[in-house]
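S.K.: Take a look at this one; I'll ask things after.
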Amino acid sequence: MGFPKGRRRIVVAVAALLATAAVAATVHRVLAPAEVSTPARGAYPPAAAAAVGVVGRLPVAPLIVDGRLRVYAAHRQIYADRPVGGRHRTTPYWSYRRWPAELDGVVASGTTVVSRWSDGRLVALDARTGRVAWEAAGPAPVGERTVRRTGAATVWDPQGVFVARAADGRQVVVATGAGARGIDLADGRELWRADADPGCREAVGTTASGQLITVDACAGPAVVEFRDAATGVVGVRWRPPGAGDELVASPVGCGTGRVGCAALRTAAPGEDAGRGWLVGDGEPVPAPALDRPDAELVDGTAVAVVDGVPVARSARTGAELWRRPDLPAARLIAVQPGRVHLLTETNDLVTLDPVTGAQRSWFALNAGSDGIGWAPGAVYAASGFVAVERLREPVDPTGDDQRYYLTSEPVILAAT
């Protein structure tokens with residue numbers, strides 16, 4: 001004996017409504033915007049110094065924070081592990097995930113890690129706990145670029161987000177894209193905002209004196225402008241003598257993420273030849289020792305490989321300080337305070353003192369049985385460590401990640 005025909009229709013309709021509601025609830029739970037924060041459960045690790053040599057290999061690019069943690073980027077997640085000198089990636093110490101936004105860039109200063117997302121949101125995490133310190137609205141990123149599976153572009157070379165130390169000691173996060181904003185690193189308070197046309201204005205870095213460096217081509221020939229990071233006020237607007245209408249400005253002598261830069265190199269688009277300049281509070285000052293496109297600046301010393309020989313000159317006077325003709329053929333791959341890093345043709349990592357040219361360390365950049373038959377990709381140097389992406393030879397920039405990288409753990413980490 002079944003339901004009468006009319007009641008059967010009511011039952012079917014109610015069941016359909018309940019099923020639809022259940023599906024809608026499931027879709028909402030899966031697709032609704034969400035944040036998942038998993039704070040640290042263990043103690044904040046002490047600063048560690050690894051023995052000189054190869055530390056290990058990693059599947060993703062590490063950003064060393066406070067000398068204690070390694071921070072990584074995933075598509076929709078930022079997470080950290082420990083210790084800094086660990087041979088492999090370990091279980092996350094903390095992690096933070098957003099949906100459906102995508103992670104666009106990461107910068108860090110002291111124990112604060114700031115993540116920028118595809119919707120422009122800025123989220124600061126306390127590196128000691130992994131907890132959210134503050135959130136702030138920022139301008140949406142503009143443009144597209146390739147970010148491969150190591151995430152090196154996100155943590156080693158973020159675009160449109162910088163940290164600057166103002167003259168009063170305050171640290172400011174500057175985010176650019178569809179506009180520009182200055183955010184106090186300490187509490188996430190907005191300090192200023194400015195309209196900007198990303199089609200003709202590009203932020204390239206910050207100076208050691210607390211200014212945002214921008215190339216502005218919106219109203220005529222391109223100029224380099226220096227904006228106070230704490231107030232948003234544009235001070236100096238400058239064009240290199242003899243420059244054409246178009247201009248490329250590349251910061252030199254910077255920390256990770258092109259912050260705290262001490263110099264600038266300017267050139268016409270597509271040209272290797274350029275002119276080096278020291279930057280400060282006023283107009284840039286010529287620094288011919290930085291004219292070479294491969295010249296680096298560290299501890300006031302301009303270093304380049306000239307005719308196969310590493311040579312160092314005073315960035316301010318141009319006087320030669322030292323040269324090392326006794327070294328094998330090598331390329332300059334990175335610098336950091338107190339260290340100049342060279343990679344030989346046989347993938348030995350040679351580290352020199354930038355002031356004297358004396359050797360600090362020399363060893364083969366090889367892990368396990370991986371061998372030395374690889375080409376260097378992106379490079380990162382900080383806190384005495386060097387991390388290098390190892391690419392499969394011959395390098396195919398258009399290949400997928402499996403073809404592009406040497407192994408499933410392509411990043412080799414070394415202490416120098």
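S.K.: Check the stretch 366-379 and report whether any residue there is over 26 Å from Gly151 (Cβ atoms), touching a residue at least 24 places away in the same chain (Cβ under 8 Å) and not β-branched (Val, Ile, Thr).
M.R.: No: the stretch 366-379 contains no residue that is over 26 Å from Gly151 (Cβ atoms), touching a residue at least 24 places away in the same chain (Cβ under 8 Å) and not β-branched (Val, Ile, Thr).
S.K.: Show the residue pairs that are 6+ apart or on different chains and have beta-carbon atoms under 6 Å apart, the first residue being within the stretch 301-316 and crowded, with 19+ Cβ neighbours inside 10 Å, the second being among the aromatic types (Phe, Trp, Tyr).
M.R.: Ala312/Trp322
S.K.: Among the strands (runs of 3 or more DSSP E) confined wholly to the stretch 193-256, which include 2 or more residues that are touching a Leu at 6+ places or on another chain (Cβ under 8 Å)?
M.R.: Output list reads 201-206, 211-216, 223-228, 248-252.
S.K.: Sticking with this one: For Gly160, are the conditions met, namely being at positive phi and surrounded by fewer than 17 Cβ atoms within 10 Å (Cβ to Cβ)?
M.R.: Against the criterion (at positive phi and surrounded by fewer than 17 Cβ atoms within 10 Å (Cβ to Cβ)), Gly160 does not qualify.
S.K.: Any idea how many residues of the stretch 256-311 are touching a helix residue (DSSP H, G or I) at 6+ places or on another chain (Cβ under 9 Å) and within 22 Å of Phe226 (Cα to Cα)?
M.R.: Number of matching residues: 12.
Residue-by-condition table, conditions (1) open to solvent by 10 Å² or more (accessible area, probe 1.4 Å); (2) over 15 Å from the mean Cα position of the chain (by Cα); (3) closer than 14 Å to Trp156 by Cβ:
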residue	(1), (2), (3)
Pro376	yes, yes, yes
Ala381	yes, no, yes
Val388	no, no, yes
Glu393	yes, yes, no
Pro397	yes, yes, no
Gln402	yes, yes, no
Tyr405	no, yes, no
Glu409	yes, yes, no
Leu413	no, yes, yes
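S.K.: For the stretch 122-148, give me each residue that is closer than 19 Å to Ala194 by Cβ and open to solvent by 60 Å² or more (accessible area, probe 1.4 Å).
M.R.: Val142, Gly143
S.K.: Now for a different question. I need the full set of residues from the stretch 54-82 which are open to solvent by less than 10 Å² (accessible area, probe 1.4 Å) and among the basic types (Lys, Arg), in order please.
M.R.: The one that is open to solvent by less than 10 Å² (accessible area, probe 1.4 Å) and among the basic types (Lys, Arg): Arg70.
S.K.: Now for a different question. Across the stretch 100-121, which residue is most open to solvent (accessible area, probe 1.4 Å) among those that are in contact with a helix residue (DSSP H, G or I) (Cβ under 8 Å, 6 or more places away or on another chain) and over 22 Å from Ser383 (Cβ atoms)?
M.R.: Pro100
S.K.: Tally up the residues in the stretch 322-354 that are within 18 Å of Ile412 (Cβ to Cβ), assigned to a strand (DSSP E or B) and open to solvent by 50 Å² or more (accessible area, probe 1.4 Å), please.
M.R.: 1
S.K.: Of all residues being modelled with pLDDT under 95 and of a type in the set (D, E, K, R) in the stretch 219-256, which is surrounded by the fewest Cβ atoms within 10 Å (Cβ to Cβ)? Just the residue, please.
M.R.: Asp245
S.K.: When you scan the stretch 130-141, do you find a residue that is among the acidic types (Asp, Glu) and under 18 Å from the mean Cα position of the chain (by Cα), even just one?
M.R.: Checked the stretch 130-141: no residue is among the acidic types (Asp, Glu) and under 18 Å from the mean Cα position of the chain (by Cα).
S.K.: For Ala319, state whether it is open to solvent by less than 10 Å² (accessible area, probe 1.4 Å) and either at pLDDT 95 or above or of a type in the set (Phe, Trp, Tyr) (or both).
M.R.: no
S.K.: Specify the residue that is farthest from Ala302 (Cα to Cα); the eligible residues are those in the stretch 355-365 that are open to solvent by less than 40 Å² (accessible area, probe 1.4 Å) and part of a loop (DSSP other than H, G, I, E, B).
M.R.: If we take residues in the stretch 355-365 being open to solvent by less than 40 Å² (accessible area, probe 1.4 Å) and part of a loop (DSSP other than H, G, I, E, B), then Leu365 is farthest from Ala302 (Cα to Cα).
S.K.: Being among the hydroxyl-bearing types (Ser, Thr, Tyr), touching a Pro at 6+ places or on another chain (Cβ under 9 Å), more than 23 Å from Asp119 (Cα to Cα) and at pLDDT 95 or above narrows it down to one of Thr90, Thr38, so name that one.
M.R.: Step by step, each of Thr90, Thr38 is checked, and only Thr90 is among the hydroxyl-bearing types (Ser, Thr, Tyr), touching a Pro at 6+ places or on another chain (Cβ under 9 Å), more than 23 Å from Asp119 (Cα to Cα) and at pLDDT 95 or above.
S.K.: What are the residue pairs meeting all of these: first residue in the stretch 177-191, first residue surrounded by fewer than 17 Cβ atoms within 10 Å (Cβ to Cβ), second residue aromatic (Phe, Trp, Tyr), Cβ atoms under 9 Å, and 6 or more apart or on different chains?
M.R.: Ala186/Trp134; Asp187/Trp134; Arg189/Trp134
The values are calculated or read from the model by the stated rules, or taken from the named source; none is laboratory data. Keep in mind that this is a model prediction, so the values were computed, not measured. With ideal geometry, Cβ positions are generated from the backbone for all residues, glycine too; neighbour counts draw on all protein chains shown. Just the protein is used for accessible areas: all its heavy atoms, side chains included, with ligands, DNA and RNA removed. Shrake-Rupley method; radii C 1.70, N 1.55, O 1.52, S 1.80 Å.
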